[in-house]
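Just below is one structure, and these are the notes that go with it.
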Amino acid sequence: MKRFLEILVSLILLIILSPLFLIISILIKLNSKGPVFFTQMRIGENNHLFKFYKFRTMRVGTPNVATDRLEDAKSYMTSVGRLVRKTSLDEIPQLINIFKGDMTFVGPRPALYNQYKLKELRTQAGVHVLVPGVTGWAQINGRDHNDDFQKTELDRYYLENKSVKLDIKILFMTVFKVLRAEGVLEGKNKHIEEVEHNDSIGN
């Protein structure tokens, strides 16, 4: 039943948001050379890899690592990319991942294929059995400010307490956080004194 609802809701949202899809796609193409979508291999349920979709916010040729690993992430961003990233509109294409079954609306954020430490910690905590989400408990409790250990503990909390009520709370809090652009950090230099090894939600 849950899977049926995810397919239905993601399809409805894709249809409703199709004009926004088109506008953002045109702006990206006019602003810089390269594809509209940024795709990347991410770690999914039970550590299986899947192709992850976002709107491209970086210039072609940007190193394929989490943005906090870049010395100056903003220098790689396009002007349109800064806007869609700040408003989290770059996450909309993940509705495709939900429709395909790679992701769900609420769950641990999918780690990059090369975030081996986070993968190891999540596996040890049993978090790897969860389907990754567009948003999650860690995203409304620090997001980029959390290091791998903190993210894993927050994801473990979600695993042990997941419920419809908690999912609804996370979704509402996500909207609030996005509107205030809370927890978003761009680039290694900006927060190197705060956290050395946190992962962002990707390029």
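Which one of Arg122, Arg180, Arg82 has the biggest mean-square fluctuation once the chain is modelled by GNM with Cα springs under 10 Å?
Arg180
Order these peptides, 153-161, 84-92, by their mean beta-carbon neighbour count within 10 angstrom, highest first.
Values: 153-161: 17.3, 84-92: 19.4.
In descending order of packing, they fall as 84-92, 153-161.
Counting other beta carbons within 10 Å of each residue's own, what order do Met1, Met41 fall into, fewest first?
Numbers: Met1 5, Met41 14.
Ordered from fewest to most neighbouring Cβ atoms within 10 Å, Met1, Met41 come out as Met1, Met41.
Looking at the stretch 1-72, which trypsin sites (Lys or Arg not before Pro) are in a loop (DSSP not H, G, I, E or B) and have at most 12 other Cβ atoms within 10 Å?
On the way: sites: Lys2, Arg3, Lys29, Lys33, Arg42, Lys51, Lys54, Arg56, Arg59, Arg69; in loops: Lys33, Arg56, Arg59.
Those that pass, being in a loop and sparsely packed, are Lys33.
Compute the relative contact order of the stretch 7-56 as a whole-number percentage, counting only Cα pairs closer than 8 Å that sit 6 or more residues apart in sequence. If you can, show how the numbers build up before the last one.
Working: 35 pairs, mean separation 13.3, N = 50.
Relative contact order of the stretch 7-56: 27 percent.
Do the sum for the chain: with -39,500 (n - 2.57) for every DSSP H run of n ≥ 4, divided by all residues, what is the mean residue ellipticity at 222 nm, to the nearest 500 deg cm²/dmol? Spell out each step's value before the answer.
Values: 8 runs with 89 residues, N = 203.
When only DSSP H runs of four or more count, the value is -13500 deg cm²/dmol.
What dipole magnitude, in Debye to the nearest 20, does the stretch 2-191 give about its Cα centre under +1 on Lys/Arg Cβ and -1 on Asp/Glu Cβ? Mind showing how you got there, number by number?
Details: 29 positive and 18 negative charges, 81 e Å.
So the dipole magnitude of the stretch 2-191 works out to roughly 400 debye.
Taking one equal scatterer on every alpha-carbon of the stretch 2-191, how large is log10 of I(q)/I(0) by Debye at q = 0.12, 0.13, 0.14 1/Å?
Treating every Cα as an identical point scatterer, log10 I(q)/I(0) equals -0.57, -0.68, -0.80.
Among Val106, Val65, what is the fewest-to-most ranking by other Cβ atoms within 10 Å?
Details: Val106 24, Val65 17.
Taking fewest neighbouring Cβ atoms as first place, the list is Val65, Val106.
Any chance you could run the full-extension gain for Ile168 through Gln124? It's 0.36 nm times the residue separation minus the Cα-Cα distance, nm to one decimal.
Values: separation 44, 0.36 × 44 = 15.84 nm, distance 2.71 nm.
Gain on extension, Ile168 to Gln124, equals 13.1 nm.
Based on the Cα coordinates of the stretch 59-167, what is the per residue volume of their convex hull in Å³? List each step's numbers first, then the result.
On the way: hull volume 13.0 nm³, N = 109.
With only Cα atoms used, the stretch 59-167 gives 119 Å³ per residue.
Report relative contact order for the stretch 2-191 in percent, whole number only (criteria: Cα-Cα under 8 Å, sequence separation at least 6).
Details: 278 pairs, mean separation 44.9, N = 190.
RCO, the stretch 2-191: 24 percent.
Every number in this text was worked out from the coordinates using simple rules, so none of it is lab data. Just so you know, these numbers come straight off a predicted model, no measurement behind them. Methodologically, a virtual Cβ is constructed for each residue, glycine included, from the backbone with ideal geometry; neighbour enumeration extends over all protein chains shown.
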